[in-house]
Amino acid sequence: MHREIAKGVYYVGVDDNLTDLFENLWKLPFGVSYNSYLIVDEKIAVIETVKGPWSEEWLNNIREVVDPSKIDYIILNHMEPDHTGALPDISEIVPNATIVYTPFASKIRHSFYDIPNPEKKVADLEELSLGSKTLKFVHAKFLHWPETMMTYIVEDEILFSCDAFGAFGSLNGKLFDDEVNMDLVEKESMRYVSTIITSYFKFVQAGIKKVKDLGIGIKVIAPSHGPVYRKDPMWVVDKYDEWSGPDMVKKCVIVYGTMYGFTHRTAIMLKKELLGHGVDVRLHNLSYSELSQVITDTVRAGVLVIGTPTYDAFPYPKVWGFVNEVVGKRYPKRPIALFGTHGWGGGGVKKLRTQLENAKFEIMEPVIRCHGRPKAEEIQQIKDLAKSIADHLK
Ligand code: FEO
């Protein structure tokens, strides 16, 4: 299936409703789309391919508009295989089409794919004429990899923004922001940003500034995942700006693991105290909450609380894994509170503290360590911690 976006500009992407986990990590309850666009002018260009298994469907979408063997340029905004997996298949059909990308992308292409196509490495803001339409290439470092760029059609004012401004969720025959359920798009965009792009928030901010500073008109934003924005393209830009910005949300999220209920009991006591202070508080038991949702809820929480039992002298494995995400995704800095329970040694909380302090997070006091169930001293510490969290969030 194809859809016309502007005269001579078509959506030819595909839906993936089969893959359970994006990057084999993040749940896709509503699927995902791999967006690709075709520009038919005196020269013909295709922007992005799709993930490998969807190659035939994608080529058939192109065939509805043009014979793929007539394609002159394959524009690769990003080398990640959800965008380039079908490259060997199109290369077989049109081995002379010129691949257009950044110099960094060229290195990755030669490592990933053994194909004969010629290449054109474009500089930042370089232009390429297709006849009546001019393409301008805007380097967009770390959105989402270091080789990434965006492509802009000068005459139509359409920005093909690649992973930036994307969303999880397949399109199911709809395409534009005025056709889809925007409540779901907002949730799935936030989950996409939180899981895929949190590490690169400063590059999101830099990318938005760069595009705004170019002073170009933007009538349409066409990302590589999720809907195309024609009704209100700035909606998604403003959302990305907010989600990647420095302001935390005035809420507290308690994330914990528990084996026999002592840590759970401590979490519930803390939640009750926080509610008493009027704090917006949410709880995630890592054995049951889905990790992408935990990350989405915590990435901008004004205070994050992490609770763990000690397990093999380390934090509980699911908690340890979550803290590695907090550190690895370079969560924006905000205070983190810790509590834990142990049967004898209590190494879990100590190791969490070391890991988070090494990553330059401020640890709130008191850090609560319960030998088994919380007793009078720890119950007082829970009250004190709740007060400190409430004061911080005021
Ligand atoms: Fe959609 Fe970074 O790949």
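Look at Lys375 and say whether it is without any contact (Cβ under 8 Å) to a residue 12 or more places away in the chain and basic (Lys, Arg). The answer is yes for Lys375. In the condition set (1) assigned to a loop (DSSP other than H, G, I, E, B); (2) at pLDDT 95 or above, Leu59 is compliant with all but (1).
For the subset of the range 67-89 comprising residues that are closer than 14 Å to Ser36 by Cβ and surrounded by fewer than 18 Cβ atoms within 10 Å (Cβ to Cβ), which member is nearest to the chain's Cα centre (by Cα)? This residue is Pro81. The residues on offer are Gln355, Gln380, and the sole one that is within 24 Å of Gly261 (Cα to Cα), surrounded by fewer than 17 Cβ atoms within 10 Å (Cβ to Cβ) and out of contact with any Gly (no Cβ under 7 Å at 6 or more places or on another chain) is Gln380.
Residues of the range 102-134 that are under 13 Å from Leu76 (Cα atoms) and of a type in the set (A, V, I, L, M): Ala105, Ile108, Val122. Pairing residues of the range 227-256 that are surrounded by 18 or more Cβ atoms within 10 Å (Cβ to Cβ) with residues that are polar (S, T, N, Q) and assigned to a strand (DSSP E or B), at Cβ distances under 7 Å and at least 6 apart in sequence or on separate chains, gives Tyr256/Asn285; Tyr256/Thr308. Among the residues examined, Ile74 qualifies as in contact (Cβ under 8 Å) with a residue 12 or more places away in the chain and in a strand (DSSP E or B). Out of Ser170, Ser129, one residue alone is within 16 Å of the ligand (Cβ to nearest atom) and of a type outside the set (Val, Ile, Thr). It is Ser170. Of all residues in the range 281-302, those that are in contact with a Cys (Cβ under 7 Å, 6 or more places away or on another chain) and open to solvent by 40 Å² or more (accessible area, probe 1.4 Å) total 0. One residue stands out among those in the range 28-45 that are assigned to a strand (DSSP E or B) and within 16 Å of the ligand (Cβ to nearest atom): the one that is farthest from Ile295 (Cα to Cα), which is Tyr37.
The values are calculated or read from the model by the stated rules, or taken from the named source; none is laboratory data. Every value quoted in this text rests on a predicted model; they were computed, and no experiment measured them. Using ideal geometry, Cβ is built from the backbone for each residue, glycine included, and neighbour counts are taken over all protein chains shown. Please note that ligands, DNA and RNA were not included when accessible areas were found on the heavy atoms of the full protein model with its side chains. Shrake-Rupley method; radii C 1.70, N 1.55, O 1.52, S 1.80 Å.
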